[in-house]
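A.B. asks: Quick one: the structure is below, and I'll ask about it shortly.
The values are calculated or read from the model by the stated rules, or taken from the named source; none is laboratory data. Just so you know, these numbers come straight off a predicted model, no measurement behind them. Don't worry about glycine lacking a Cβ; one is built from the backbone with ideal geometry, like all the others, and counts go over all protein chains shown.
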Amino acid sequence: MTDADKYTSQKSILKDLDIQLPSGSSRKDEKYKRLVAKTLLRLPERVRNRAIEEVKFIITGKPLFAFMGTANLFLPRKEKSARRKIAMNIIFVNFNDIKDNGWNEKGMMQVVAHEIAHFELRHIHKQGRNHEKQAEEQTRVWGFGARRGIREKVKNYLQILFNSDI
């Protein structure tokens, strides 16, 4: 088996996937790992491989719905004064919040694919007006359907969360 085709099942993806559940998670929450793996299986091979190798998925209990970001970590080197900077791509998803907002498994997969689209489109360092629209279109191209209202649902959710206009 070559590296190019090594992620052909949920089991093979879960073996290498960097995914973290919130502390205090139960076995019941393991289903969310499988849902991320199931989403990755539907992506084009190149995108799937890159996401598995370059993204850390964090399933969180904090109220934040879902977003993609880059964290710059500074790690010490052996020399006293030197530090090295590494960028880590992180996708945070709160499946319980998404479920509580009336989304089914298909909708949850669309949210995960949407966040992976931000990663694939390199919407990491810059904020752009069209990023949400581009990510929605890419998600549709990948076959997750045109989930109308993702932007509106997220906007409404953030307004409720932060009690302000966006």
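A.B. asks: So the check is Cβ under 8 Å with 6+ separation or different chains; which pairs have a first residue in the stretch 21-49 that's within 14 Å of N94 (Cβ to Cβ) and touching a residue at least 60 places away in the same chain (Cβ under 8 Å) and a second one that's assigned to a helix (DSSP H, G or I) and of a type outside the set (D, E, K, R)?
C.D. replies: Y32/F95; L35/F95; L35/M108; L35/M109; L35/V112; V36/V112
A.B. asks: Does K31 count as exposed (fewer than 13 other Cβ atoms within 10 Å of the Cβ) and at pLDDT 65 or above?
C.D. replies: On the way: exposed (fewer than 13 other Cβ atoms within 10 Å of the Cβ): yes; at pLDDT 65 or above: yes.
Taking the combined requirement at face value, the residue satisfies it.
A.B. asks: A follow-up question, please. In the stretch 93-104, how many residues are surrounded by fewer than 19 Cβ atoms within 10 Å (Cβ to Cβ) and within 18 Å of S25 (Cβ to Cβ)?
C.D. replies: 4
A.B. asks: Still on this structure, please answer the following. Of everything in the stretch 98-120, what is in contact (Cβ under 8 Å) with a residue 60 or more places away in the chain and either more than 11 Å from the chain's Cα centre (by Cα) or within 11 Å of T139 (Cα to Cα) (or both)? Give them in sequence order.
C.D. replies: The initial filter retains those residues of the stretch 98-120 that are in contact (Cβ under 8 Å) with a residue 60 or more places away in the chain, namely 105, 108-109, 112-113, 116, 119-120.
Across the stretch 98-120, the qualifying residues are E105, M109, V112, A113, I116, E120.
A.B. asks: Something else about it: Identify, from the list R50, R27, the residue that is touching a helix residue (DSSP H, G or I) at 6+ places or on another chain (Cβ under 9 Å) and not hydrophobic (A, V, I, L, M, F, W, C).
C.D. replies: Sole residue among the options that is touching a helix residue (DSSP H, G or I) at 6+ places or on another chain (Cβ under 9 Å) and not hydrophobic (A, V, I, L, M, F, W, C): R50.
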